[in-house]
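All remarks here apply to the structure that follows.
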Amino acid sequence: MSPFPAAAAPDELHRNFIETGRADHMRHATLEGTRRSTEPRTLDDYHPPPTASPTLPNPGVAAAVLALTAVVTLTALLGPSLVANDMGMTMSMNMTHYMELLAVHQPRNLIIFMAIPVVLAETLAITELAILYMRDATPAWVRTTSRVAGLLAGPVMVSIFLHLLVNAVIPLTLTGSWRGPADVIAVLFYLSGVIPLAGITLVELGVIGTGEGRALKLHAILIAIFLVVAHVAMIFGMLDPAILGYQMTHQH
């Protein structure tokens with residue numbers, strides 16, 4: 001019998017070599033990770049998440065919206081006044097100009113100044129909730145409805161803003177005919193709705209809020225702003241002006 005131990009089989013030597021190399025690699029990785037965790041980080045170590053690619057405006061859609069805006073703007077500025085009170089009185093009841101605007105020329109004024117903007121805003125709000133909830137699973141018709149409402153909201157509210165500015169706000173200011181704080185708050189908050197609705201149209205055109213994520217976020221914020229200012233206008237518009245100190249007068 002040989003006094004020396006038997007030599008290991010080739011397969012066993014190969015397996016031991018692999019296991020030894022693997023253990024050395026793991027120790028090296030552990031030491032490297034420890035070294036990196038204790039070293040100060042540099043700008044090269046930070047990799048910001050990729051940003052969404054910007055959404056370029058569709059020239060055809062932009063031209064159509066621009067043409068629509070021009071038409072409704074000219075109509076609002078050059079057309080007949082929709083705020084004139086046929087009863088020939090400065091004030092028919094103890095109400096704000098906001099309520100009087102909706103009360104006269106029924107149902108025309110109610111449709112133009114209340115129904116159309118509110119329907120567009122509510123459509124945007126409902127479809128926005130669906131898009132936020134379903135994301136990629138959102139049906140195409142929901143996205144189309146939201147887009148059409150968003151493209152129409154801006155031109156509609158711009159025309160309303162200009163018409164009331166020329167035929168109501170400026171004359172009331174020049175003649176001092178405001179009916180107290182409630183009247184001013186109601187009308188000005190109503191007109192301020194032009195900012196979020198016009199902003200939504202710009203988002204739909206890709207002018208602001210480019211990128212799907214940013215557009216969706218800005219869209220939701222603008223809808224929320226419009227709903228807030230619209231409801232403030234409604235609350236103060238339905239308020240009796242006398243509550244905030246206005247004294248009702250009749251002028252024939």
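Rule-based calculations on the coordinates, nothing more; no lab input. Predicted model, so just to flag it, every value in this text is computed and none were measured. Neighbour counts run over all protein chains shown; Cβ positions are idealised from the backbone, glycine included.
Could you line up LEU66, LEU197 from fewest to most neighbouring Cβ atoms inside 10 Å? Don't skip to the answer; put the middle values down first.
On the way: LEU66 12, LEU197 29.
Ordered by Cβ neighbours within 10 Å, fewest first: LEU66, LEU197.
This ranking places TYR98, TYR133 by how few other beta-carbon atoms lie within 10 Å of each, fewest first, which gives TYR133, TYR98. Label-to-label distance for LEU174 and LYS217 is 4.5 nm, based on points extended 7 Å past Cα in the beta-carbon direction.
Ranking of ARG179, ARG108 by neighbouring Cβ atoms within 10 Å, starting from the fewest: ARG108, ARG179. Once you keep just the Cα pairs under 8 angstrom separated by 6 or more residues, what percentage relative contact order results for region 72-171? This gives 42 percent for region 72-171.
Backbone phi angles across region 156-173, fed through the Karplus curve with coefficients 6.51, -1.76 and 1.60 (θ = phi - 60°), yield HN-Hα couplings of 4, 6, 5, 5, 5, 4, 5, 5, 6, 5, 6, 9, 10, 5, 5, x, 5, 6 Hz in residue order; Gly and Pro are listed as x.
Just so you know, the Rg over Rh for region 131-239 is 1.08, from Cα atoms, with Rh as the Kirkwood radius.
Taking a point 7 Å out from the Cα of ALA224 in the direction of its Cβ, none of the residues of region 103-122 has a backbone N less than 15 Å from it.
Determine the sum of side-chain charges near ALA149: Lys and Arg each +1, Asp and Glu each -1, restricted to other residues whose C-beta is under 14 angstrom from that of ALA149. Local net charge: -1.
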